Amino acid sequence: MDLNNIHTPRDLKKFKIKELEGICGDIRALLIGTISKTGGHLASNLGVVELTVALHTVFNVPSDKIIWDVGHQSYVHKILTGRARQFSELRRKNGLSGFPKSDESPCDAFNTGHASTSISAAVGYCAARDLREAKYNVVAVIGDGSMTGGLAYEAINNAGRSSSKLLVILNDNQMSISENVGALSRYLNEVRTAPAYIGAKADVSRVLDRIPVVGRRLKHFIERTKDGIKYLLAPGGIFEELGFTYIGPVDGHNLKDLIGVLQKVKKMDGPVLLHVYTVKGKGYDQAEDSPENYHGVDSFHVDTGKPVAEKKRDTYSDVLGKTLIELAEKHPKLTAITAAMPMGVGFGGFSEKFPDRMFDVGIAEEHAVTFAAGLAKGGVMPVVAIYSTFLQRAFDQILHDVCMQDLHVVFAVDRAGIIGADGETHQGLFDISFLWLPNMTILAPINEREMIDMIRFAFFHTGPIAVRYPKGSVSRVLTDHSKPIVYGKSDVIRVGEDFVILAVGSMMEQAYRAVERLNTLGYNPGLINVRFVKPIDIDMARGLSRYRHVFVLEEHVISGGFGSHLLSVLNEENIDAGRIHRFALPDIFVEHGTRIEILKQYSLDYISVTDRISKLI
């Protein structure tokens with residue numbers, strides 16, 4: 001089967017089950033072959049092949065709405081909705097996004113990239129549909145991992161109070177199903193989705209309601225008895241209590257059964273939760289054996305599963321983990337917290353060595369931060385490591401529960417700056433603006449040495465403190481230059497003449513190379529390592545008055561970044577520092593591409609920086 005011939009999901013409806021199973025095999029081959037070159041989310045997509053094919057066989061997008069929670073499992077959906085020819089450019093600049101994107105296709109009903117949002121969006125769609133008296137179906141596909149997020153339960157609680165027609169598919173890729181439970185569940189599903197059964201339930205309810213005096217009591221007794229039996233036999237009692245009709249578990253790789261159940265569920269009214277069991281990484285042995293390692297991958301060799309590019313240096317996340325282990329060996333009050341990303345943030349070794357002091361709270365960033373506040377109140381020192389893009393979900397908790405109480409919580413803000421191929425939803429370009437709060441201190445390291453020193457400094461600090469650092473290998477810029485970290489003080493690398501460059505953290509590498517290039521052009525620029533984003537070094541700010549031009553380089557949006565706050569300080573302190581030039585990302589949502597591609601696009605690479613400075617002075 002040539003997948004390029006599937007132009008719309010409607011093309012699937014003409015195939016028989018055996019042919020659809022063949023298409024599933026072709027899709028898996030395309031996923032493995034493409035992602036091995038482009039990188040991306042492999043295991044999650046391999047796990048939803050049959051589910052996606054079944055959904056598109058039964059439902060009709062774009063009139064029907066399918067909302068993918070997180071969205072990293074939407075590759076199969078993209079292939080089946082006319083984007084197979086573009087799939088080779090997945091996650092590459094000007095190519096397909098790795099997440100659902102309405103601008104890319106009308107079949108992408110809702111832009112996603114963060115977890116636990118799908119049911120809320122689906123409930124909104126349902127309300128809009130009902131208000132407009134439209135007739136389309138709304139389906140939210142949410143993984144069991146996303147069910148650790150409180151937003152999912154807020155939405156379920158709201159949906160259950162409504163009689164609005166909604167299908168929530170719980171894609172469970174962790175819980176195994178024994179043969180007995182599976183057979184029983186299949187039988188119960190057949191009974192409970194049968195139109196005759198559903199109609200009979202309604203008829204019995206109407207008859208009982210008409211019986212004087214005892215009718216309603218008898219109905220209540222039958223319902224209680226039914227519920228008691230249901231809780232003994234079926235695992236979905238909690239969803240039933242919240243107002244959903246629970247169906248499942250269903251084998252998510254049995255295409256015939258999936259299509260059959262979806263066809264029946266499609267006819268049901270009210271909110272329905274369909275519990276589907278899938279195997280993450282299905283069809284690729286390495287991913288099935290180690291789904292976490294193949295969740296998000298760089299390019300790899302298909303035959304071995306090993307990365308194409310060998311790791312040459314530690315990442316900043318690795319350095320965090322190793323530094324915390326060293327501190328924890330001497331300081332028993334140190335604890336580590338992550339929101340479902342222990343390996344991603346470098347906590348693998350820490351969790352093995354100090355399992356009682358390592359807390360993975362699941363996809364629940366808000367809880368992670370307030371939990372850390374409770375630990376701090378109880379005399380324990382927590383380090384909360386969360387990606388910048390996900391930490392923004394806990395803004396209220398950072399402000400209200402940590403900063404307002406001036407608690408000693410260390411925020412390790414991973415993936416701060418340009419993330420690259422994951423695009424708009426994952427770029428860490430807003431953390432300086434939302435962390436600029438009373439009592440908060442913000443640092444940014446330029447290399448491995450500073451990363452270690454700043455984590456140690458943060459541990460012995462008092463009050464809220466954040467260390468923001470980029471994705472990827474540690475920089476080797478200025479490795480021979482080392483000065484102790486002093487609270488609120490920047491580090492002057494060179495004084496220079498006429499103009500100076502202030503580099504924030506990860507931008508030091510571009511700044512340093514720009515200085516070298518400017519030297520060859522006959523200029524003598526100054527160079528300052530900002531170190532402390534907040535508080536701003538007042539002495540450093542006063543020293544800027546010696547320069548006619550001050551250039552600020554930061555990997556952050558220009559609005560609310562370090563440069564903006566520096567301008568405020570200069571104004572408040574009445575410091576005449578000449579002309580301030582802020583080199584940062586524009587106030588937009590930055591698209592996907594490699595880091596260097598994005599730096600070049602927005603004239604933030606060292607060559608562009610050199611050219612811009614030359615023109616301005």
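The values are calculated or read from the model by the stated rules, or taken from the named source; none is laboratory data. Not measured: the values here are computed from a predicted model. Methodologically, a virtual Cβ is constructed for each residue, glycine included, from the backbone with ideal geometry; neighbour enumeration extends over all protein chains shown.
Quick grid of which residues meet (1) assigned to a loop (DSSP other than H, G, I, E, B); (2) modelled with pLDDT of 95 or more; (3) in the same structural domain as Leu42 (by TED's automatic domain parsing):
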residue	(1), (2), (3)
Ala309	yes, no, no
Gly321	no, yes, no
Val345	yes, yes, no
Ser351	no, yes, no
His367	no, yes, no
Ala376	no, yes, no
Ile386	no, yes, no
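In this structure, is Ile528 at pLDDT 95 or above and either surrounded by 21 or more Cβ atoms within 10 Å (Cβ to Cβ) or part of a strand (DSSP E or B) (or both)? Can you show your working first?
Working: at pLDDT 95 or above: yes; either surrounded by 21 or more Cβ atoms within 10 Å (Cβ to Cβ) or part of a strand (DSSP E or B) (or both): yes.
Yes: the conditions hold for Ile528.
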(request) Kindly provide the set of residues from the stretch 232-248 that are crowded, with 18+ Cβ neighbours inside 10 Å and either modelled with pLDDT of 90 or more or more than 26 Å from Glu154 (Cβ to Cβ) (or both), ordered by number. (result) Phe244, Thr245, Tyr246, Ile247
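Report yes if some residue within the stretch 391-406 is of a type in the set (A, V, I, L, M, F, W, C) and either in the same structural domain as Gln174 (by TED's automatic domain parsing) or outside any helix (DSSP H, G or I) (or both); otherwise report no. Break it down into steps so the answer makes sense when it comes.
At the first step, the residues of the stretch 391-406 found to be of a type in the set (A, V, I, L, M, F, W, C) are 391, 394-395, 398-399, 402-404.
Narrowing further to those that are either in the same structural domain as Gln174 (by TED's automatic domain parsing) or outside any helix (DSSP H, G or I) (or both): 404.
For the stretch 391-406, residues of a type in the set (A, V, I, L, M, F, W, C) and either in the same structural domain as Gln174 (by TED's automatic domain parsing) or outside any helix (DSSP H, G or I) (or both): present.
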(message) Of everything in the stretch 361-401, what is crowded, with 20+ Cβ neighbours inside 10 Å and basic (Lys, Arg)? Give them in sequence order.
(response) Arg393
(request) Output the residues belonging to the stretch 563-617 that are small (Gly, Ala, Ser), over 30 Å from Gly98 (Cβ atoms) and not in a helix (DSSP H, G or I). (result) Ala577, Gly578
(message) Cβ-Cβ distance below 7 Å, separation of 6 or more or different chains: which pairs start in the stretch 146-157 with a residue that is assigned by TED's automatic domain parsing to the domain that holds Val70 and part of a helix (DSSP H, G or I) and end on one that is at pLDDT 90 or above and of a type in the set (Asp, Glu)?
(response) Ser146/Asp69; Gly150/Glu366
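Listed here are the residues, each with its yes/no results for (1) modelled with pLDDT of 95 or more; (2) assigned to a helix (DSSP H, G or I); (3) in contact with a Ser or Thr (Cβ under 8 Å, 6 or more places away or on another chain).
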residue	(1), (2), (3)
Ser102	yes, no, no
Ser105	yes, no, yes
Ala109	yes, no, yes
Ala122	yes, yes, no
(request) Could you grab the pairs with beta carbons closer than 9 Å, sequence gap of 6+ or different chains, first residue in the stretch 341-360 and within 23 Å of Gly149 (Cα to Cα), second one in a loop (DSSP other than H, G, I, E, B) and polar (S, T, N, Q)? (result) Met343/Asn293
(request) Give the stretch 72-99 a look and list any residue that's touching a Gly at 6+ places or on another chain (Cβ under 6 Å) and surrounded by fewer than 17 Cβ atoms within 10 Å (Cβ to Cβ), or say none. (result) Glu89, Lys93
(message) Just to be sure I understand the filter: pairs with C-beta atoms under 8 Å, separated by 6 or more residues or on different chains, first member in the stretch 256-278 and acidic (Asp, Glu), second member part of a strand (DSSP E or B). Which pairs pass?
(response) Asp257/Val250; Asp257/Asp251
